1. Is it true that V297 is among the hydrophobic types (A, V, I, L, M, F, W, C), under 16 Å from the mean Cα position of the chain (by Cα), assigned to a loop (DSSP other than H, G, I, E, B) and buried (at least 22 other Cβ atoms within 10 Å of the Cβ)?
2. Restricting to segment 184-231, name every residue that is among the acidic types (D, E) and over 23 Å from L60 (Cα atoms).
3. A101: within 24 Å of S176 (Cα to Cα), in the same structural domain as Y227 (by TED's automatic domain parsing) and away from the ligand (no atom under 13 Å from the Cβ), yes or no?
4. Of all residues being surrounded by fewer than 23 Cβ atoms within 10 Å (Cβ to Cβ) and of a type in the set (S, T, Y) in segment 166-209, which is farthest from Y144 (Cα to Cα)? Just the residue, please.
5. Just to check your reading of the model, which residue among I347, I264, I342, I336 is outside the structural domain of M174 (by TED's automatic domain parsing), more than 30 Å from V214 (Cα to Cα) and part of a strand (DSSP E or B)?
6. Looking only at residues in segment 155-182 that are of a type in the set (F, W, Y) and within 14 Å of the ligand (Cβ to nearest atom), which one is nearest to the chain's Cα centre (by Cα)?
7. Give segment 62-71 a look and list any residue that's touching a residue at least 12 places away in the same chain (Cβ under 8 Å) and either of a type outside the set (S, T, Y) or within 8 Å of the ligand (Cβ to nearest atom) (or both), or say none.
8. Check off (1) of a type outside the set (K, R); (2) over 23 Å from G10 (Cβ atoms); (3) free of Cβ contacts under 8 Å to residues at least 60 places away in the same chain; (4) surrounded by fewer than 20 Cβ atoms within 10 Å (Cβ to Cβ) for P89 and give me the number that stays unchecked.
Amino acid sequence: MARVLNFNPGPATLPLAALERAQKEFTDYKGTGMSILEHSHRGKDYDAVHNEAIGLLRELLDVPDDYHVLFLQGGASQQFAVVPMNLLPEGKSADYIVTGAWGKKAFAEAQIVGKARLAATTAADNFVRLPKQEELDLDSNAAYVHFTSNETINGVQYLDKFPETGSVPLVCDMSSDFLWRKFDVRKFGLIYAGAQKNIGPSGVTCVLVRKDLVEAGRTDIPKIFRYKTQADANSLANTAPTFSIYLMRNVLQWVKDSGGLEQIEKWNREKGRLVYSFLDENKDYFKSPVQVDYRSVMNIVFRLPTPELEAKLVAEAAAAGFVGLKGHRSVGGIRISAYNAISVEAIQKLLAYLKDFAAKNG
Ligand SMILES: *Cc1c(COP(=O)(O)O)cnc(C)c1O
């Protein structure tokens, strides 16, 4: 079997254990004579998977009882619109902290739905840093404050402290770093994350949301877009993305079997330390644009001396079994997406390859 080392930003590599479990169960799920894809979303077999996935998420993150765990469709991009549709009423405004390409899109969508204000942006610095708390221009009457915990394209991440917003609910797009470590869910009013970066395949978006915010949500929007509709139905108001949720369940079980989020965080921090020390030791050749305190451990972006060398690296590395290293088309360069399913060993192999490449193409 020839599996490559896959550094794609999303859909991204998945733990082999999660894929093999799906393979084993694929054509005959638990002796039912059909795959889980073919089961009714209202049947007891699928229901067990659905609730197991919710239970695992609750357990891994200690999700408090006054939060819903929702599994929705439409990706994180749909949440850019659905968050303000639900949480931003007439006469109120929402604050947006824009630290990269995804935050910019979220802000633009919110402005279509209602009144949204820019509380801070690092656009003038090309998104190579995050704003400090004292730089935030926060409205104490805002409906919520939205930010992006990890900017997948720009490679900046909130590694320690999140923005402080007092009593104003904090809303976070955690698509590319959800479950990279444990965090205190209570700091947030709402968190959303498309699964296909760090916790599963595409097709399902996790939302953790405080129950009182759901209850207070707007009712002048179509029912299908109300959080309450899915919250009241345990995310089964209509047909759920059953196979995506099933696979996410397998990934969550792998996280638990690996030692939980404490172990996952240790690996992720070690991977980040290895890559950035390598880049810093070889900074004549590899240039990391992001300021040290904000360097993402999930998406590591850097430049080579020329765009031609970058293209050469992407192509030659792929031929050698290291795929998905091309930076996003909007920013260029190289990007290593080092999500949970990328092992420390995979990073060590990649760094040895990069060292060799630099020596040969100096
Ligand atoms: C990928 C990504 C999105 C968009 O996700 P879709 O599921 O494709 O809509 C939004 N935000 C962040 C931070 C992302 O990484």
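1. Details: among the hydrophobic types (A, V, I, L, M, F, W, C): yes; under 16 Å from the mean Cα position of the chain (by Cα): yes; assigned to a loop (DSSP other than H, G, I, E, B): yes; buried (at least 22 other Cβ atoms within 10 Å of the Cβ): yes.
Yes: the conditions hold for V297.
2. Going through segment 184-231, the residues among the acidic types (D, E) turn out to be 184, 212, 215, 220.
E215, D220 - these are the residues of segment 184-231 that are among the acidic types (D, E) and over 23 Å from L60 (Cα atoms).
3. Values: within 24 Å of S176 (Cα to Cα): yes; in the same structural domain as Y227 (by TED's automatic domain parsing): yes; away from the ligand (no atom under 13 Å from the Cβ): no.
Judged against the criteria, A101 is not a match.
4. Restricting to residues being surrounded by fewer than 23 Cβ atoms within 10 Å (Cβ to Cβ) and of a type in the set (S, T, Y), the top hit is S202.
5. Testing whether each residue is outside the structural domain of M174 (by TED's automatic domain parsing), more than 30 Å from V214 (Cα to Cα) and part of a strand (DSSP E or B) leaves just I336.
6. Going through segment 155-182, the residues of a type in the set (F, W, Y) turn out to be 158, 162, 178, 180.
From what's left, within 14 Å of the ligand (Cβ to nearest atom): 158, 178, 180.
Working: Y158: 12, F178: 5, W180: 9 Å.
Only one residue tops the list, namely F178.
7. Within segment 62-71, the first condition is being touching a residue at least 12 places away in the same chain (Cβ under 8 Å), and the residues that meet it are 62-64, 66-71.
Selection gives D62, V63, P64, D66, H68, V69, L70, F71.
8. For P89, the exception is condition (3).
The values are calculated or read from the model by the stated rules, or taken from the named source; none is laboratory data. Source: prediction; values computed, not measured. Heads up, the Cβs are rebuilt from the backbone with ideal geometry, glycines too, and the neighbour counts pull from every protein chain shown.
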